[in-house]
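To keep things clear, I will list the structure first and then write my remarks on it.
The values are calculated or read from the model by the stated rules, or taken from the named source; none is laboratory data. Computed from a predicted model, the values in this text were never measured in an experiment. Using ideal geometry, Cβ is built from the backbone for each residue, glycine included, and neighbour counts are taken over all protein chains shown. SASA here: full protein model, heavy atoms, side chains in, ligands and nucleic acids out. Shrake-Rupley method; radii C 1.70, N 1.55, O 1.52, S 1.80 Å.
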Amino acid sequence: MKQVVQNYKSGELAVLDVPVPGCKPGGVLVRTAYSLISTGTELMKVSEAGMSMLGKARSRPDQVAKVMQSVATNGVPATYRKVMGKLDSYTPLGYSLCGVVEQVGPGVDDVKVGDLVACAGNEHALHAELNWVPKNLYARVPDGLAPRHAAFGTVGSIALQGVRQGEPQLGEVALVIGLGLIGQLVVQLLVASGVRVVGVDPDPARCELAERLGAAACGDPSSAAVEAAVAELTDGHGVDQVYLAAGGSSNQPVELAARLCRDRGRVVDIGKCRLDLPWNAYYEKELDVRFSRSYGPGRYDPEYELEGRDYPIGYVRWTERRNLACFLDLLARGRVDVDPLISHIADFDDAVETYRRLKDGELKAVAVLFRYPEQAEEGEAEAPAVAVPAVRRGTPSAPARPGNAPVRLAFVGAGNYATSMLLPHLAEREGVSLSTVVTTTALSTANAQRKFGFARATTDLDGVLGDPSIDAVFVVTRHSSHAELTRKALLAGKAVFVEKPLALTEDELAGVLAAVEESGNDRLQVGFNRRFAPLLQEARKRFGARTGPASLRYLVNAGRLQDGSWYLRQGTEGSRFAGEGGHFIDTASWLLDADPVSVYAVAPAGNEDLQIVLRYPDESTAAISYVTTGSPGFPKETLDLVADGKVLRLDDFVRASVYGHKRWVSSRLPQARDKGQNAELAAFVKAVRTGGPMPVPLESLVATTAATLAVQAGLAAGAPVTLARTP
């Protein structure tokens, strides 16, 4: 996708091709229709970026103070590298837009795919084709409100919060200093509240516009006409409120506010103007100086903005999200009109030229919008699809190994699963040498070496990948690192055993397959162990071949996670189902001897339960119920396969049965649950030793991973997702 960025060191503006953001839990992925340029805040940033280093320092004395503190703490060289690194990087622009919801993340139930929303935030409502926006930073657009008008939602919320801080009442008189974009909106909001308004701005065109939008009188700040208008409207007492919506380095606005405000009046700072308060003037009138913090309560609170924790309405009536919804409502009802404020609409591809024209003064504007490619009309959108990438193998580069030598293994990661479910099966296995263990912490590395007899312990991953004596690498780390570590190990020519999931995104999966194609190394196994479980293997053999479509039901009583589990970190580690759902999809596909062609997923509101239906080429179906709300006393996994007058039943890898012409039931004596880890490891080691095929074809691993990723896409779309095979 494309996004507008700026290099603060050089001042360069560019429209870059960047990856599409993922749709994380607690938010939505929005395709932008219109985004608004803040001709005040954004142009200030653009202008600062074009200054010399001395000019930048003079414009941001607060940042200079931080630099000096860093020098005192870390020294000049380290501080210089840190500052230059931060300056010489691309930063985004934009914070107000309107777009269409393209994907809905877990935990969001107030909008659906296709809804029109207004979005806020200088990290989430950027000038980009797609943005991920957390739930407290968007609001649905009322029916009938044009997207280009809804794109004003954020700046409208800023103006609305400023007006709320002034506490206007019917019949009062207000002075608005600065009639740029925010000032024009403040004028209209005050008029809508029954307040008579006087506006101040040195630009006659802006004064005329404010009068057309409802101001009683407007003029230059040095004009006697402004003071005369205030005296006439207030019987000489002065205005009840002053709203500072001006920028710049002049102290004139705060001095004018003191002169024209009544005794014990209110002065509200909305913009970023100089505030050297004349003490005598403010003291003698006992003026109430207030600040308006951006969009409203919740701003800069990460628990509110990022984690979606709302403030109770009984304690905080107007949060930033409720301000956003309120402003959209005012627009929809015609109480505020933003159309006269739109000076120019530019195509998004012309963003750099538009900023240049604004900066150089060639384009005089109150508000400028970027227009993005038109959205598809409702009902015309294509059915969602997830690509199943084709597997392409280049020229093999992995060196041959002596057939009689032990298989030398390296483990990357030595957490609970590795030390309880994998290493005990490998430590005493004949023909296996535990060569090296790699972790990020020295102590966990030392513990694994002591317990399982690794010849070497290290934190140097590159050293292990570069060691020609290592035959295979086990990737048993947290989910977010699996794809990248697998890619590196494949490029290094190693056979790879990676715990599920193989990848958390389509891009990660594509990266792994690119490594296969580049290196010719397809020696990969994902830890889908259930197909290797002896009890399930025997039940499948007893069931036999089938001729017609099958129906499979798989109940996974997953249960609730303990507080603090890293599985709950969905923002970085993916959803819980993305982490372990591949197990169940792989088992179903193995039993049905095919890869799925479509996925449909639904989830009840308020919990993590999932209902997933997989469809296969021969019209077989597999329904997976992945639930967290069941009883912990009930078995975790139960499975039924029905076809051709036969039924296969698996009870939590303890018992199995097959009903057909003959009945087979496994031993009823209690036995340990063998979910296939030992047999899977034996098959992997054998494949590495002999050079034979991997235990599971790479095409099947890719198909299962793509189907797992499609579950999230299906939840967002509320429709079946086609698994499209790429040529």
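Loop-resident chymotrypsin sites (Phe, Trp or Tyr not before Pro) (DSSP state other than H, G, I, E or B) in region 411-453 with no more than 10 further Cβ atoms inside 10 Å of their Cβ are absent. Sparsely packed loop sites in region 336-368 (the trypsin sites (Lys or Arg not before Pro) outside DSSP H, G, I, E and B with at most 15 other Cβ atoms within 10 Å) comprise K364. Solvent-accessible area assigned to carbon and sulfur over region 588-642 amounts to 58 percent, based on a 1.4 Å probe. Within the assembled protein chains, the solvent-accessible surface assigned to L16 is about 50 Å², based on a 1.4 Å probe. Restricting attention to the chain, close to 55% of DSSP beta bridges with both partner residues there are antiparallel.
Strictly over 22 Å apart at the Cα level, which of K500/K686; K9/K359; K135/K359 would you flag in this model? Pairs exceeding 22 Å: K135/K359.
Figure legend: label point modelled 7 angstrom from the Cα of E538 along Cα→Cβ; residues of region 632-667 with amide N under 15 Å from it are 649-659, 663-667. Volume per residue for region 587-727 equals 163 cubic angstrom (convex hull of Cα atoms).
Share of carbon and sulfur in the accessible area of region 672-717 stands at 55%, probe radius 1.4 Å. Extension gain, A385-L561: 0.36 nm per intervening residue step, less the Cα-Cα distance, totals 60.3 nm. Straight-line cross-link partners of K285 among the aspartates and glutamates, defined as a Cα under 15 Å from its Cα and at least 8 positions apart when in the same chain: D240, E255, D263.
Counting only the backbone N, which residues of region 137-159 are under 20 Å from the spot 7 Å out from the Cα of Y315 toward its beta-carbon? Those under the cut-off are 137. Cross-link pairs exceeding 27 Å between alpha carbons, from the set K2/K112; K24/K451; K541/K636: K24/K451.
Among the chymotrypsin sites (Phe, Trp or Tyr not before Pro) in region 271-344, those placed in a DSSP loop whose Cβ has at most 14 other Cβ atoms within 10 Å are Y300, Y315. With all protein chains kept in place, the per residue accessible area of the chain amounts to 45 square angstrom at a probe of 1.4 angstrom. To the nearest ten degrees, helix 698-717 and the longest principal axis of the Cα atoms of the chain are 40 degrees apart.
Think of it this way: in the chain, C23, C98, C119, C261, C273, C326 stand alone, with no other Cys Cβ under 4.7 Å.
Computed from the C-beta positions of S222 and E286, the FRET efficiency with R₀ = 35 Å rounds to 0.85.
Mind checking the angle between helix 482-491 and the chain's longest principal axis? C-alpha axes, 0 to 90 degrees, to the nearest 10. So the inclination is approximately 60 degrees. Kindly express, to the nearest 10 degrees and within the range 0 to 90, the angle between helix 576-592's C-alpha long axis and the longest C-alpha principal axis of the chain. That helix lies at roughly 40 degrees to the long axis. Taking all protein chains together and a 1.4 Å probe, the residues R553, R392 rank R392, R553 from largest to smallest accessible area. Protein heavy-atom surface of region 172-326, 1.4 angstrom probe: 51% of the accessible area is carbon and sulfur, with nucleic acids and ligands not counted.
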